[in-house]
Amino acid sequence: IAGITQAPTSQILAAGRRMTLRCTQDMRHNAMYWYRQDLGLGLRLIHYSNTAGTTGKGEVPDGYSVSRANTDDFPLTLASAVPSQTSVYFCASSPIGEFVNEQFFGPGTRLTVL
Amino acid sequence: GQNIDQPTEMTATEGAIVQINCTYQTSGFNGLFWYQQHAGEAPTFLSYNVLDGLEEKGRFSSFLSRSKGYSYLLLKELQMKDSASYLCAVNNDYKLSFGAGTTVTVRA
């Protein structure tokens, strides 16, 4: 693994189903983030984690949950998917504490909820 | 709340210069990022400003005025591969708030 990976690449899901989007990074970054990107709205933060064992809510957390059991993995779960959760989901990681704490983004997961 | 504004679209000719403006009103400020995003791909880091002034990086430069809540990204010697969306993002306590992005189309 080099950088940050996401799985699956794309998924079509029936409304009401449970879905977990996976995100793994090998850069040993302490912070990780989940965004959704919708046309005309830009990237919006769903949940974040500044370090393993801690998580926080972003701008649009409702309907989503996350966990951070270790440094590398940050899964995003939709407990009961709804059509409004159709979006492109990006995971990102960042080395908090460095001067330029840029966020590195994964390739994205395109999710369609029918 | 966070309010970050940038133009929706811009068109320019190959070899020209384009300036993308970003204005922001946010509850906190720890720096401003510019990202580039090609269609169907992930955003990639372009520049970072935390102090007022101009940061130059090859063909790309970024400017910040904290007192005015204003930044711009300057793209010089435009190339066809510069056709992409450019995202302005304000860093507040290690969390980013993004503008909706500016789609730049470079014409031959």
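The values are calculated or read from the model by the stated rules, or taken from the named source; none is laboratory data. What you are looking at is a predicted structure, and each value in this text was computed from that prediction instead of being measured. Cβ sites come from the backbone with ideal geometry, for glycine too, and all protein chains shown count toward neighbours. Areas reflect the complete protein model, heavy atoms only, side chains present, ligands, DNA and RNA absent. Shrake-Rupley method; radii C 1.70, N 1.55, O 1.52, S 1.80 Å.
Somewhere in region B:64-85, is a residue under 29 Å from A:Thr5 (Cα atoms), among the hydroxyl-bearing types (Ser, Thr, Tyr) and more than 14 Å from chain A (Cβ to nearest Cβ)? Scanning region B:64-85, I find at least one residue that is under 29 Å from A:Thr5 (Cα atoms), among the hydroxyl-bearing types (Ser, Thr, Tyr) and more than 14 Å from chain A (Cβ to nearest Cβ), so the answer is yes. Is it the case, given these coordinates, that A:Gly40 is under 25 Å from B:Ala39 (Cβ atoms) and of a type in the set (Gly, Ala, Ser)? Judged against the criteria, A:Gly40 is a match.
Checking each residue in region A:85-102 for being surrounded by fewer than 16 Cβ atoms within 10 Å (Cβ to Cβ), without any contact (Cβ under 8 Å) to a residue 24 or more places away in the chain and not aromatic (Phe, Trp, Tyr) picks out A:Glu98, A:Val100.
For region B:39-55, filtered to residues that are within 24 Å of B:Val106 (Cβ to Cβ) and hydrophobic (A, V, I, L, M, F, W, C), the residue that is surrounded by the fewest Cβ atoms within 10 Å (Cβ to Cβ) is B:Ala39.
Of all residues in region B:1-38, those satisfying the criterion of being open to solvent by 60 Å² or more (accessible area, probe 1.4 Å), in a loop (DSSP other than H, G, I, E, B) and at pLDDT 95 or above are B:Thr8, B:Glu14, B:Ile17. Taking residues in region A:18-30 that are among the basic types (Lys, Arg), and partners anywhere that are buried (at least 18 other Cβ atoms within 10 Å of the Cβ) and part of a strand (DSSP E or B), the pairs with Cβ atoms closer than 7 Å and at least 6 places apart or on different chains are A:Arg18/A:Leu78; A:Arg22/A:Gln6.
Going through (1) facing chain B (nearest Cβ under 8 Å); (2) touching a Lys or Arg at 6+ places or on another chain (Cβ under 8 Å); (3) not polar (S, T, N, Q) one by one, A:Val60 falls short only on (1).
The residue of region A:27-49 that is farthest from the other protein chains (Cβ to nearest Cβ), among those that are farther than 22 Å from B:Ile4 by Cβ and open to solvent by 50 Å² or more (accessible area, probe 1.4 Å), is A:Arg28.
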